[in-house]
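Enquirer: Below is a structure I'd like to ask you about.
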Amino acid sequence: MLATDVGNAESDYDSDVNSLFDEPLGSSSSLTRPDEQRPGRPIPGLYFTPTVLLPPDLMHLIMQKCIDTYFRDGDVNQVMLFERAGQDGENSIPLNSTLPAFLIDLLTTLSTTLEPHLPANVHSLLFPSASASKYARQVIINHYLPGEGISPHVDLLDRFADGIIGVSMGSGCTMRFRKETEWEVYLPSGSVYVMTEEARYEWTHEIEKHAEDWVLDEGGREGGKWIPRSVRVSVTFRWLLPGADVVGPGNA
């Protein structure tokens, strides 16, 4: 698998295609890999810089909290959490949040870390004031063992609004995006990506099932190295459309 570190071009999304909330798009067998898999080819609406990382101490704390809280049972590899938008004036993270404290800390850090790297309107989309927030926030946490991945999909159009944040912790991995062509990026440990607009609605994303990834050197296609995968935890924040948190006859 070829991958390269790129700037401003990268959700994971991090749930398996069988999840309630993911929508596969048709066969990609007709797609061909483009020649120019190198830095500098952005996907509209995809924001990713491989050097913008969570503080290591916080990343390790969040990852361990996720494992200890949700994944001690070996039969569980995915957890979904739901929250209604709060009414705390100008706070972008509601003070009365029902999310665990460590996820609130993560959201707060993400808001600060991403602000210098996002257009103001995109940052406001992801971190609105509570009074301006129109939607409930949903969090999905996934636990991956080496060799596991996710099938090509777009997060469900009738369940999630625009603006998705993905956080990749532990092992790095390659994520592939597909439309008429395809593009790959390597997500290092602690990296964060944002999908909006075209990247969110029109490009599928996937992680192939590999035990290691071939990652190109930053300067081009000649050099690179195999990087083995280890345990990976992803945390993804999405906005629920009205009624999307209700599972019933219309949503089963």
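Enquirer: Based on the Cβ-Cβ distance of residue 102 and residue 179, what FRET efficiency does E = 1/(1 + (r/R0)^6) give at R0 = 45 Å, to the nearest 0.05?
Expert: Working: r = 35 Å, r/R0 = 0.78.
Once rounded, the FRET efficiency stands at 0.80.
Enquirer: How big is region 142-212 by the Kirkwood estimate over distinct Cα pairs, in Å? Before the final figure, lay out the partial values.
Expert: Values: mean 1/r = 0.0778 Å⁻¹.
Here the Kirkwood hydrodynamic radius works out to 12.9 Å.
Enquirer: Tell me, what HN-Hα J-couplings in whole Hz come from the Karplus equation 6.51 cos²θ - 1.76 cosθ + 1.60 at θ = phi - 60° for each residue of region 210-215, using x for Gly and Pro?
Expert: For region 210-215, the Karplus curve yields 9, 8, 7, 10, 8, 10 Hz.
Enquirer: Treating only the Cβ atoms of Lys and Arg (+1) and Asp and Glu (-1) as charged, compute the dipole magnitude of region 50-199 about its Cα centre; round to the nearest 20 debye. Intermediate results must be reported in sequence, preceding the final value.
Expert: Working: 9 positive and 18 negative charges, 23 e Å.
Charge dipole of region 50-199: 120 debye, to the nearest 20.
Enquirer: Over the C-alpha atoms of region 92-228, what are the Rg and the largest Cα-to-Cα span, Dmax, in Å?
Expert: Here Rg and the maximum Cα pair distance are 16.4, 52 Å.
Enquirer: Just to confirm a number: summing +1 for Lys and Arg and -1 for Asp and Glu over residues other than residue 100 whose beta-carbon lies under 12 angstrom from that of residue 100, what do you get?
Expert: Working: positive: 65; negative: 68, 83, 105.
Surrounding charge for residue 100 is -2.
Enquirer: Pop the C-beta distance of residue 211 and residue 151 into the FRET formula with R0 = 22 Å and round what comes out to the nearest 0.05.
Expert: 0.80
Enquirer: Moving on to the next point. Show me, for region 117-123, the HN-Hα J-couplings you get by feeding each phi into the Karplus relation (A = 6.51, B = -1.76, C = 1.60, θ = phi - 60°), rounded to Hz, glycine and proline as x.
Expert: Running phi through 6.51 cos²θ - 1.76 cosθ + 1.60 with θ = phi - 60° gives 10, 10, x, 4, 5, 6, 4 Hz.
Each reported figure results from applying straightforward, stated rules to the coordinates on display, with no laboratory input. Quick caveat, the model's predicted, so the values are computed rather than measured. Cβ: placed from backbone, ideal geometry, glycine included. Neighbour counts: every protein chain shown.
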